[in-house]
Amino acid sequence: MTVPAKHKKGAQKHYKCAILTISTSKYWNREKGEADIGDLSGGIAQKLVRESGHEVVYYDVLPDEEDKIHEGISKALSADADFIITSGGTGLTKNDVTIEVVSKLLNKEMQGFGELFRLKSYEEIGTASVLSRAIAGVINHRAIFCLPGSPAAVQLALQEIIMPEIAHIMKHVRE
């Protein structure tokens, strides 16, 4: 089921996106000169965003550290990104702090995103979907989507939820 065309009328079609991969191991691999080795999720996000006609204006790999995540989001906003995709740090371990950092920055939360993501995940992976704390919201008139770090989760969220609705979401975020 899709949103009627009248709801999307007047929505811009192309947006600038920032992509942040949050993974301590991938961050340290990059710091050792092994540039983006193993960042399948970041690569999938970039590919799907570009294939949908949007521009990736900022990309980074960050460790699971509050100050680094906050700094990465600030840089993404400074890069004039209209929307931000993060992958990683949404689980239940003590190191998973993406949700805590982003929640403090949100002006508004889109509860329906997390609910729909978990429903769609349930259809693919069953009850393990309860382990995801994926969220989305608005920071200073820009959308942010916090996704699990698995490549399959990134692909699911972008193909099934974010890319089909980004113009509609951004229209309302900017009102």
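Details
- C-alpha center-to-center spacing [segment 113-175, segment 38-73] in angstrom: 14
- For segment 81-134: rounded, prolate or oblate by the Cα gyration tensor [a/c cutoff 1.5]: oblate
- Taking amide H as placed 1.01 Å from N in the peptide plane, ILE135 has its amide H under 5 Å from the amide H of CYS146, each at least 5 places away in sequence or on another chain.
- The length gained on full extension between ALA128 and SER25, counted as 0.36 nm times the residue separation minus their Cα-Cα distance, comes to 34.8 nm.
- Selection from ALA153, LEU40, THR24 lying farthest towards where the dipole of segment 13-173 points positive, charges on Cβ: ALA153
- Remark: segment 56-175 carries a charge dipole of roughly 200 debye about the Cα centre, counting +1 on each Lys and Arg Cβ and -1 on each Asp and Glu Cβ.
- Placing one equal scatterer on every Cα of segment 13-173 and applying the Debye formula, the log10 ratio I(q)/I(0) at q = 0.11, 0.16 Å⁻¹ is -0.37, -0.84.
Only the coordinates and a few stated rules stand behind these numbers; no lab work does. These numbers come from a predicted model, not from an experiment. Ideal geometry is used to build each Cβ from the backbone, glycine not excepted, and the neighbour counts take in all protein chains shown.
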